[in-house]
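Report on the following structure.
The values are calculated or read from the model by the stated rules, or taken from the named source; none is laboratory data. Keep in mind it's a predicted model, so treat the numbers as computed, not measured. Here the Cβ is made from the backbone with ideal geometry for all residues, glycine too, and neighbour counts use every protein chain on show.
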Amino acid sequence: MFVKQFLVFAFVLPIMISCSKSGVIEQRIGDRVNACKLTEACIIKIKELTDFQWDKMYVFTSGARNEHIDKALGIKYPDLIEFTRLMVFTKDGKIVHREEQPTDIEGVVNGQVDFQGSYIDRYSLYLSDTALFRAERIEFKEGRYYKLTQMK
């Protein structure tokens, strides 16, 4: 019985992961952008979309490796899934929320939030008080993605 349950779980888990939707924050960003009127500027303040306290948000590229992430965060990042887009929120140097998103090396995926900006060592850093973005919804063959450009 146990072997049968394990085999079912081992078969279903990869399917569930591959079909998973965006993480909570990425989904909230998409929902907020979708609610914006097309005729007006769409401004997104990340702090308004989180239900936890944070002071820094790190956005990593899909090619970031453990050493890039650990160096940026200043702590060891647990259980990295390679070739994912990673968003990490910290408070006082401790991880308080993290999202690993599916990626496509050939382009964007449906529902993806694409942070525009300069990536140093495969990440961008945003502070809670300055994580303010102008957002655009971009349609493509497989769906839509959201381009966020930090406002200075």
Open item on the list: Looking for something modelled with pLDDT of 90 or more, among the polar types (S, T, N, Q) and either under 14 Å from the mean Cα position of the chain (by Cα) or under 26 Å from residue 38 (Cβ atoms) (or both) - is there at least one such residue anywhere in region 49-71?
Closed with: yes
- [ ] Would you point out which residue out of 94, 76 is of a type outside the set (Ser, Thr, Tyr), touching a helix residue (DSSP H, G or I) at 6+ places or on another chain (Cβ under 8 Å), farther than 23 Å from residue 34 by Cα and loosely packed, with under 15 Cβ neighbours inside 10 Å?
- [x] 76
- [ ] State yes or no: is residue 151 at pLDDT 90 or above, of a type in the set (A, V, I, L, M) and under 15 Å from the mean Cα position of the chain (by Cα)?
- [x] no
Open item on the list: Quick check on residue 126: is it in contact with a helix residue (DSSP H, G or I) (Cβ under 8 Å, 6 or more places away or on another chain), surrounded by 13 or more Cβ atoms within 10 Å (Cβ to Cβ), assigned to a loop (DSSP other than H, G, I, E, B) and of a type in the set (Phe, Trp, Tyr)?
Closed with: no
Task: Search result, residues across region 33-73 that are crowded, with 18+ Cβ neighbours inside 10 Å and aliphatic (A, V, I, L, M) - done: 33, 44, 46, 57, 59, 64, 69, 72, 73
- [ ] Return the total of residues in region 97-123 being in contact with a helix residue (DSSP H, G or I) (Cβ under 9 Å, 6 or more places away or on another chain), among the charged types (D, E, K, R) and within 17 Å of residue 25 (Cβ to Cβ).
- [x] 1
